[in-house]
1. Please compute P(r) over all alpha-carbon pairs of the stretch 196-306, binned at 5 Å starting from zero, and give each bin as a whole-number percent.
2. Within the stretch 196-306, how many Lys pairs that are eight or more residues apart, or on different chains, come under 14 Å at the alpha-carbon?
3. How far is helix 220-231 tilted, in degrees, relative to the longest principal axis of the Cα atoms in the chain, given as a value from 0 to 90 rounded to the nearest 10?
4. In which sequence would Ser374, Ser350 go, from the one with the fewest C-beta neighbours within 10 Å to the one with the most?
5. Restricting the count to DSSP beta bridges whose residues both fall in the chain, what percent are antiparallel, rounded to a multiple of 5?
6. Add +1 for every Lys or Arg and -1 for every Asp or Glu among the other residues with Cβ under 13 Å from the Cβ of Ala217, and state the total.
7. When the Cα atoms of the chain are enclosed in a convex hull and the volume is divided per residue, what value in Å³ results?
8. Ranked highest first by average number of other Cβ atoms within 10 Å, how do 333-339, 241-247, 169-175 line up?
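Every number in this text was worked out from the coordinates using simple rules, so none of it is lab data. Here the structure is a predicted model, which is why all the values come from computation and not from measurement. All Cβ positions, glycine included, derive from the backbone under ideal geometry; neighbour counts span all protein chains shown.
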Amino acid sequence: MDITHADLPNDMQAAIAKHTGEIEAHLIEVRRDLHAHPELAFEEVRTAGVVARELERMGITHETGIAKTGVVGIIQGGRPGPVLAIRADMDALPIEERTGLPWASTKPGLMHACGHDIHTTTLLGVAEVLHKIAPSLAGTVKLIFQPAEEAIGGAERMIAEGVLDNPKVDMAIGFHNYPHIPVGEFSFCHGPALAAADMFKLVVHGKSGHAAHPYAAVDPIVASASLIMQLQTVVSREVRPLHPAVVTVGAINGGIASNIIPDSVTIKGTVRTLHADAQDVAEDAIRRLCKGIELSMRVKIDVEYQRGVPALLNDDRVLEPVVDAVRKQLGPVIHQKEPSMGAEDFALMSQKVPAFQLGIGSGAPGRDDRLHNSGYAPDEACIGLGVQALARAAVEILA
């Protein structure tokens, strides 16, 4: 039964909880199906098909093929008002699953180890609840099912193809499951919540030679070792202590034998920052340190430094009504947390419109899971709880 505007003020909490309870078992089935069939960035063809099928079943107007595999649905409220976007990501990771669950990945080397199957399913549940109570909403809900978050490219392409236009989005909500937060709890963070993520590739060129005669060669391995140690001073000695930053070398490749000094070594890493000035300081320092190593150790260094997604900025104009909505719907279960040096491309939407990303606890009792882990097994109760929280947030914002 659809809920009218007159019904909502008196029993909004019960209405949303009732609708969610009616569809929760189906949502878990959908999630398990998506989990068993993970797809990488821009390859989410089957996933997008499931999303489109579900929106069609609900009677929600939608469009497919945005940013190749993205899907966008539209729910029109009963009265004019702002446009609220709610975004979920859909892609999986190149990880071999080791959960042993009946619905484990059927694709070798691929797994939903970040819970994007949870996100996709949660937004489908939000869509169904909001569609039932659409006449009570003053405005429009735009449901954004985004590809390629893990590849850090899906949001940029969707924005370029007009996902924030027609109708023009006034504000946006993102969300992410967190296994270090117990299921039933939620989190928020004021201001910068996730880091800007830059990447660098440094190719240290020396001169190859016999390992017994290093004086006749120019050793790029020794130079690389010195450079890696100096990179650790960027955060400790150059970035302001109150501006969090991380410089991590994640890969170093060079040499093939114990008795050969190689011609070159390749170093790859990432820089994470919450503030734009720290981002500038880190890049400048890395370039300067490379020049110093060139002079001191007779090597030549090719520097590739790529700015990635910006920091995700939570806007209080969206954060506060969402936090209030979660408390109204589920009680005192949402708490402020520290920013994370992780990154994600919902940040690009936060640069365009007022936005907020909600943290949804997915940690199962007795487990100590982490994202991007081959054994990650979230508590599926987070789906229905996320549906309630996000649906109530939309209702409060578009009241």
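1. That works out to 2, 13, 24, 21, 16, 11, 7, 4, 2, 0, in percent per bin.
2. Counting lysine pairs in the stretch 196-306 gives 4.
3. That works out to roughly 50 degrees.
4. Ranking Ser374, Ser350 by Cβ neighbours within 10 Å, fewest first, gives Ser374, Ser350.
5. Counting only bridges with both partners in the chain, antiparallel ones make up about 65 percent.
6. Working: positive: Lys207, Arg298; negative: Asp219, Asp263.
Local net charge: 0.
7. Details: hull volume 58.5 nm³, N = 399.
So the per-residue Cα hull volume is 147 Å³.
8. 169-175, 241-247, 333-339
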